[in-house]
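Working notes, structure below.
The values are calculated or read from the model by the stated rules, or taken from the named source; none is laboratory data. Predicted model only: the values in this text are computed from it and were never measured. Every residue, glycine among them, receives a Cβ derived from its backbone with ideal geometry; neighbour counts consider all protein chains shown. Note: accessible area is taken over every heavy atom of the protein model, side chains too, but ligands, DNA and RNA are not part of it. Shrake-Rupley method; radii C 1.70, N 1.55, O 1.52, S 1.80 Å.
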Amino acid sequence: MPKQQPYAQVIVDISADSADKTFTYRVPGGMRLSTGTRVLVPFGQQTKEGVVIKLTDSHDIAVDKLKDIQEPLEDYPAILPPLVDLAQEISKASSCSLALALRLMIPAEMRAGRIKIKTQTVAQLMIPEEEIEAAQAAHARAKKRVLLIQLLSDGLPHPVNELKALVRDPHEPLKILAEAGIVSLREEEVFRSPYLDSECLQADPVLTQEQTEVLLELLPAIHQGTGRFLLHGITGSGKTEVYIRCARECLAAGRGVIVLIPEIVLTPQMVSWFRGRFGDVAAVLHSRLSAGERFDEWRRIRSGKARLVIGARSAVFAPVTDLGLIIMDEEHEPSYQAENNPRYDAREVAASRAQREGASLLLASATPSILSFAKAQRGDYMLLEMLSRVNKHQLAKVSLVDMREELRLGNRGMFSTLLIERLRACIDADLQAMLFINRRGYAPSVMCRKCGEVLTCAHCDVKLTFHQADRLMHCHYCGTGSVLPSVCPECGSSYLKPVGAGTQKVEEEFKKLFPGVETVRLDADTTTGKDAHEQLLNRFRSGAARVMIGTQMIAKGLDFPQVSLVGAVLADLTLNLPDYRAQERTFQLLTQVAGRAGRSDVPGEVIIQTYKPEHYAIQYAAAQEYRGFFNQEFQRRRRLLYPPFTMMVRLLCESREEELPREVSTQLSEQITAFLAKKPNLKRRVLFIREDEAPIKRIMGQTRAQVLMKILEHRESEQVLAFLTALAEEPWQCRVSLEVNPANLA
Ligand code: ADP
Ligand code: ZN
Ligand code: ZN
């Protein structure tokens, strides 16, 4: 064992927003610490938790000021050394404190010791098999003891709680047997497992030609730990099976695996596919686990009992030792970007972690993000493709319906004549359908028919969405619900009307057209409970419900063989977003949702209703042609200088004081302009600087202003970013955060 260094630098976990405090403490003799160990330290008059980030042989503190570390919280480093480094990187990149970045690395429940390890008593026979009979004879008059010896005769440990089901009150007889040296009783840790009923191990399917070819490239690289791949595999091409084979190869070589999946796709279905093949070696991490479950899964990973982790975004920080592979499913998903505190992009963190720990990286999607596909074309990733469906299943036939034409023909409803006709045929044939609209609630705004006033939230500069279920107007930004006023707050008329459509409205309209046909609705409102999501999916899988209506939640990952019809009720919704990625998002969502149909021998059909049938995003989605879309979108981005040719950078200013953000953003913009004026070579790289209110002026009572910049992707631009980072960190009067290509520009 190496000699313990006598001093430790500790990051003290104080309040989230304060600056970092690194303090040096003395390590008392006999205490073993390493980088990443959590410790209790004296801090002022209090005791605080902290993390050792460095051990040293010397220090430059007055000796009488040095205090001793009180005790380690665990006898192992809870944060693996490479993850301490990763936290440091994140804290720099997103200008948050290291204390905050370190919190990403452990379950929240672990801090402040809020969760206890659960234990149970287990009994095990201590005598060799040939002595069992004699032992039973010796206790022949105590029936329970004889029975217990019998039950334990396999020599394996049995939880006493389970024995209770077979022998009433086993504690006393077990104690006697333990005293006689026949049985041992001890406390063992219990792991609360979120998916206990994982089915028995399943056999491997025979790989398709394309799967085989792709794996031929992947497996050798995984062995070397240097592979960087982008797998473009169309919906239903069998990407999951590829993940499974890669993961297994990696595990067999003794290395760990992380599989990242967007939260909404992290269905029990996906988990059971992995559990079905890897059993208990697979751990699961996501936000719907209970605190105890999450903590226990984390410990199973940290202790090495689980070597494969399936999880949402934050599982990229899972404490896997000797990491060999990170897989990122649906890599195009915006939800891989954490938007605040700390802000990070799981794609970048995964790449950095893979690099740091000598692991391979596999990004995969049916609709890769423009940024990733461009990187693959540049050679940063090796591009792999699977362009046909498993078992020769055909992609569904797609029809576009021009809703302007419907209106002209006098159809004012939300369903076109074609969609109604196909829904009827589908239901008559005892098949299933999905209806997609990317907006929850009943009506997205409430408007006065007399004066045109649109009702907005009192705390946010956002339209209120009317929900039929509770007949309240909800704010989708802060969550408050308010009663629909009887008269217009602006003109006093009583012509307030919910306008537009969301999932609830679609469901209502459907029920009017098809009374008695059972539906399930899947959106953020119906899936809040712990198992709600799973129950709704089961209702559909069992066939009890015939039609599933939902937001983007139903667009991906789901594999229902009986779905023959998919209808996109209003495809243009995402197209109208004020964001340069609106085209990309629309193409992705429509292609993914179209991919839900025709996943078995039942042929599929997709109907896309739109007011812009000629738009290229909709045309290419209908043709399910990724490359065509990529080429056109890439050209557009080049022409208009959007990412990946530039970076969209903004300094966001937020405060409860109404005037402050705008004052600060003005000062920021002046300082930036002054800086660039002195550096003409850098100024050339900055295409524009715009100082203004943020598109959403107020969220949860905070006023927001911004300086938005478009900066060329160029080596020299690093210097501009460095300046902006330093600028954002200065002590401004309100909160200032620097965002580079944020997921959300609202
Ligand atoms: P993707 O994620 O690419 O959309 P999936 O991984 O969901 O596709 O696979 C689609 C379906 O094909 C699933 O039902 C899966 O079990 C099945 N499948 C995948 N690979 C094979 C194979 N080699 N043989 C038979 N069925 C397969
Ligand atoms: Zn609000
Ligand atoms: Zn009015």
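Quick notes on this structure:
- Residues that are among the hydroxyl-bearing types (S, T, Y) and either open to solvent by 60 Å² or more (accessible area, probe 1.4 Å) or within 30 Å of E333 (Cα to Cα) (or both) number at least 1 in the following helices (runs of 4 or more DSSP H) confined to segment 636-746: 660-678, 717-729.
- Of the residues making up segment 573-595, those that are open to solvent by 10 Å² or more (accessible area, probe 1.4 Å) and outside any helix (DSSP H, G or I) are L573, L577, P578, D579, Y580, R581.
- Identification of strands (runs of 3 or more DSSP E) wholly contained in segment 409-499 with 3 or more residues that are of a type in the set (V, I, T) and away from ligand 1 (no atom under 16 Å from the Cβ) yields no element.
- Among the conditions (1) open to solvent by less than 50 Å² (accessible area, probe 1.4 Å); (2) away from ligand 1 (no atom under 16 Å from the Cβ); (3) touching a Cys at 6+ places or on another chain (Cβ under 9 Å), the only one that L362 does not satisfy is (2).
- Any pair with Cβ under 7 angstrom, 6 or more apart, that starts in segment 489-510 at a residue that is among the β-branched types (V, I, T) and modelled with pLDDT under 90 and ends at one that is part of a strand (DSSP E or B) and within 11 Å of ligand 3 (Cβ to nearest atom): V499/M447
- Subset of segment 230-251 that is more than 6 Å from ligand 1 (Cβ to nearest atom) and open to solvent by 10 Å² or more (accessible area, probe 1.4 Å) - its residue that is farthest from L395 (Cα to Cα): L251
- Set T528, T503: member being within 25 Å of the chain's Cα centre (by Cα), exposed (fewer than 13 other Cβ atoms within 10 Å of the Cβ) and away from ligand 2 (no atom under 16 Å from the Cβ): T528
- Only one of the numbered conditions (1) of a type in the set (S, T, N, Q); (2) under 29 Å from S95 (Cα atoms); (3) in contact (Cβ under 8 Å) with a residue 40 or more places away in the chain is violated by S287, and that is (3).
- Contact map, segment 365-389: first residue within 15 Å of Q592 (Cα to Cα), second residue among the hydrophobic types (A, V, I, L, M, F, W, C) and in a strand (DSSP E or B), Cβ cut-off under 7 Å, separation 6 or more or different chains; pairs are P368/L230.
- Meets criteria (more than 16 Å from ligand 3 (Cβ to nearest atom), part of a helix (DSSP H, G or I) and farther than 30 Å from E518 by Cα) for S372: yes
- From the list E293, E263, E297, the lone residue that is within 16 Å of the chain's Cα centre (by Cα) and not assigned by TED's automatic domain parsing to the domain that holds R596 is E263.
- Residues that are in a helix (DSSP H, G or I) and open to solvent by 40 Å² or more (accessible area, probe 1.4 Å), drawn from segment 537-572: N538, R539, R541, Q552
- Verdict on Y626 being over 23 Å from F415 (Cα atoms) and at pLDDT below 95: no
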